[in-house]
Amino acid sequence: MDVAVHRPGELSGADRSAWTALQSRASLLGAPQLANPFLSPEFALAVGHCRGGVRVAVLHEDGGPAAFLPFQRSTLGIGRAVGLGVSDAQGLVHRPGFRWDARELLRACGLSVLEFDHLVAGQGPFAAASFRGHASPVIDVDQGFETYLTGLRARSPKFTRTTLAKERKLGRDIGPLRYVHDERDPAALRTLMRWKSAQYRRTGRGDRFAHPWIVRLVEQLFHTRTASFAGLLSVLYAGGRPVAAHFGLRSPSVLACWFPAYDPRFAKFSPGLVLHLRMARAAAEESLGYLDLGRGAKDYKDSLKTRELTVSEGWVMRPHPVALGHRARRAPVRALRNTVLARPELFAPADRLLKRMGRIRAGR
């Protein structure tokens, strides 16, 4: 296995084109998970502009690039999937049937351990006992929006009826609705980040937008446009004012949902749900295959989804003291968090406690 490791900005035009070509053919060749925009060269390049230690391993076979692995490396040789913590799809983008040796790859990359929290399916050589699968709901729109809506009515008739009624009421009470699928006003992006920060604080979660590098990353991706990738800001307006917004990433076949939020003053109208239905319609009109709602149990995801993908959390390692130390530190924390998330009798009180703390922090 011939492996060359580069900084993202050092990739040749030919390498980037080959990477994009692998993704563009992924759905046709039975690996649609590799078409996710989080696995694109544009995402790796953007993270590389905002974080140190970002590298891309280019694996060659038969004289040409056969696979690409973006990752972040610490000075001690601890590796993490690029954008770990904010990326919703991770792994090796590769030709159909390509096989690799995980330990050999880690050695070539100068890593003792490589950690993932959203490893996509089809990454067999990375499989290890430490990995645990998690559901990632999706909305299929490849058969058109009306087909999706008909299925939604059959699966969740009350939810669909209520959401559509709230959409009509929002238009009557607040003003005419206008949906912009690709909003290019940076002020709208700032509004979304402000709403999302408030939501994180209100629910007791860590505020991702309190980290300057995440703000820079989102802003850079908002301005990133290629033939195969775009940062997509979608906004629902009522009476001329924004009431819900979402920022995600788009490839030719997948809309990766990332940061949805709404103005809490209009919560009774469920503007976030209305926005997601508008997004699904627009994605279908653009001939996308599906919307990836991302890992995590949420009521709205359960209501909107048509099926689930599986992403995995864990690490692959080779015998090394640093790798053993990393696992010793990370394993107990991850196990505790996943136990709480997986058991309703633990998650519900923990969620209530976080929200109570959020209200205290907000002075309410």
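The values are calculated or read from the model by the stated rules, or taken from the named source; none is laboratory data. Predicted model, so just to flag it, every value in this text is computed and none were measured. Here the Cβ positions follow ideal geometry from the backbone for every residue, glycine too, while neighbour counts run over all protein chains shown. The area values use the complete protein model at the heavy-atom level, side chains included, leaving out ligands, DNA and RNA. Shrake-Rupley method; radii C 1.70, N 1.55, O 1.52, S 1.80 Å.
Observations
- Residues in the range 136-152 that are out of contact with any Phe, Trp or Tyr (no Cβ under 9 Å at 6 or more places or on another chain) and assigned to a helix (DSSP H, G or I): Phe145, Glu146, Thr147, Tyr148, Leu149, Thr150, Gly151.
- Search result, residues across the range 48-89 that are of a type in the set (A, V, I, L, M), in contact with a Ser or Thr (Cβ under 8 Å, 6 or more places away or on another chain) and under 28 Å from Val138 (Cβ atoms): Ala81
- For the range 171-211, the candidate set comprises residues that are touching a Lys or Arg at 6+ places or on another chain (Cβ under 9 Å) and of a type in the set (Ser, Thr, Tyr); within that set, the residue that is farthest from Arg265 (Cα to Cα) is Tyr179.
- Boolean, Gly175 is touching a residue at least 40 places away in the same chain (Cβ under 8 Å) and outside any helix (DSSP H, G or I): yes
- Residue match in the range 194-208 (condition: open to solvent by 40 Å² or more (accessible area, probe 1.4 Å), over 17 Å from Pro260 (Cβ atoms), polar (S, T, N, Q) and modelled with pLDDT of 95 or more): no
- When the range 11-28 is filtered for residues that are part of a loop (DSSP other than H, G, I, E, B), crowded, with 16+ Cβ neighbours inside 10 Å and modelled with pLDDT of 95 or more, only Leu11 remains.
- Answer residue from the range 29-64, given it is surrounded by 24 or more Cβ atoms within 10 Å (Cβ to Cβ) and touching an Asp or Glu at 6+ places or on another chain (Cβ under 7 Å) and is farthest from Ser12 (Cα to Cα) among those: Asn36
- Residues of the range 284-304 satisfying the condition of being closer than 18 Å to Thr160 by Cβ and buried (at least 21 other Cβ atoms within 10 Å of the Cβ): Ala284, Leu291, Leu293, Leu304
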